[in-house]
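Asker: My structure is below; once you've seen it, I'll send some questions.
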Amino acid sequence: MRVSNSAISWPALLGSLALLVLAVLAWELRWVLLVLFGAVVLAVALDVPVQLLKQRLGLRRPLALALVVLAFGGMATVLGYLLLPELVEQAQTLTQLVPVLLQRLVLLSGQVKGLSDFQHSLSNLSNLETLQPLGSQLLGMAGGAANISALILLMALLAVLLCLDPDSHTRLLIAATPRFYRQHSRRLLTECREALGGWLAGMTISSVIVFLLTWAGLAWLKVPLALLSGLICGLLTFVPTIGPSVATLVPAAVALLISPLLSLQVIILRIILQNSEAFLLTPLLLKRTVNLLPTVALMAQLSLGALLGLPGVLLALPFVVVLQVLLEEIFVKEIMDRWTLRASMGQRKTRD
């Protein structure tokens, strides 16, 4: 049986092929897109104080952006001068304590029945001869750190350029949409920017509070490396669900070198702070932005982490914030709601 040419929808076929080519191209350029999205996130973070300076002081955008960059640079310089020497010293102390911690875990696991295999693996890890090959991998890690530093500098440069003239880049994106949809596209971009800016501001405040409270709590408990542990806990607040749990391992492990009771106290402290941040502080700070479900956040982190590694985990939450706004405005309101409305209208016509 022959199929006529009229039965083939050429526009649909060409559109499907175009989407397939775009998907393959996006996968090949995933690291470029990752850097671009990270630059957008940083640009939004810069744009929040820039907008405040423009509204309160009436400054022009280039001058406001220069003041914000200088303020961030000055804060980083002051904090680095005050905290960096102690952080470097504590980081060196932590590397020296790793073999001691492993030996302590070997002794503790030997006191528990049924953990002989675990004890054997820990004893192999604590052996300095097996730890020495890890030192030979430091050169490879240094090369990776150099590449990451270059990507961060490129991301920061792109962020400054995007924040310097956001209107031109917005018009460029809007021009790529159909004419009848451009007004709606402008509104979508505004909502995405507001949601992402609110999320960044809220998470930054939450991260600083967690850092200060963790530092103070660990110092009160007289746990070594309190500053380094507090900084790690504060930074990993930007990675909800996974980050706070991983951050607790550092102060708990250091406290274990002193006594199991102190380690238990550190875990209790971190549980109290973590739950206070997750159920009180963060909802209060993010009440005007999108509400991310923990399951959605965790699945996004796992998925992007599997595809893109650590950068994917770090950018998973900003990506979900933007994606949730787009899905709500396009998929739910533009497709599903209208589909339901048309179906109900068709049922009414059938009854009539």
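Asker: Among the residues of region 257-265, are any surrounded by 12 or more Cβ atoms within 10 Å (Cβ to Cβ) and at pLDDT below 80?
Answerer: yes
Asker: Please state which one of Leu308, Leu302 is at pLDDT 80 or above, within 35 Å of the chain's Cα centre (by Cα) and either under 30 Å from Leu235 (Cβ atoms) or surrounded by fewer than 10 Cβ atoms within 10 Å (Cβ to Cβ) (or both).
Answerer: Leu302
Asker: Would you please name the residue that is surrounded by the most Cβ atoms within 10 Å (Cβ to Cβ), looking only at residues in region 268-289 that are part of a helix (DSSP H, G or I) and β-branched (Val, Ile, Thr)?
Answerer: Result: Thr282.
Asker: Quick one: which helices (runs of 4 or more DSSP H) sit completely within region 179-267 and have at least 2 residues that are free of Cβ contacts under 8 Å to residues at least 24 places away in the same chain, among the basic types (Lys, Arg) and out of contact with any strand residue (DSSP E or B) (no Cβ under 7 Å at 6 or more places or on another chain)?
Answerer: Filter on region 179-267 gives 182-220.
Asker: Are any of the residues in region 77-84 of a type in the set (S, T, N, Q) and either under 20 Å from Gly197 (Cα atoms) or in contact (Cβ under 8 Å) with a residue 12 or more places away in the chain (or both)?
Answerer: No, the conditions are met nowhere in region 77-84.
Asker: Identify, by number, the condition in (1) modelled with pLDDT of 65 or more; (2) of a type outside the set (S, T, N, Q); (3) not in a helix (DSSP H, G or I) that Val98 doesn't meet.
Answerer: Evaluating Val98 over (1) modelled with pLDDT of 65 or more; (2) of a type outside the set (S, T, N, Q); (3) not in a helix (DSSP H, G or I) leaves (3) as the failure.
Asker: Further, regarding this structure: For Arg2, work out the one condition from (1) assigned to a helix (DSSP H, G or I); (2) modelled with pLDDT under 85 it doesn't fulfil.
Answerer: (1)
Asker: For residues that are surrounded by 22 or more Cβ atoms within 10 Å (Cβ to Cβ) and under 24 Å from Val48 (Cβ atoms), tally how many sit in region 204-232.
Answerer: The qualifying residues number 1.
Asker: For Leu65, indicate whether it is under 23 Å from Ala159 (Cα atoms), touching a residue at least 40 places away in the same chain (Cβ under 8 Å) and assigned to a helix (DSSP H, G or I).
Answerer: Here the answer is yes, as Leu65 does meet what is asked.
The values are calculated or read from the model by the stated rules, or taken from the named source; none is laboratory data. Computed from a predicted structure; not experimentally measured. Positions of Cβ are generated from backbone atoms using ideal geometry, with glycine treated the same way; all protein chains shown enter the neighbour counts.
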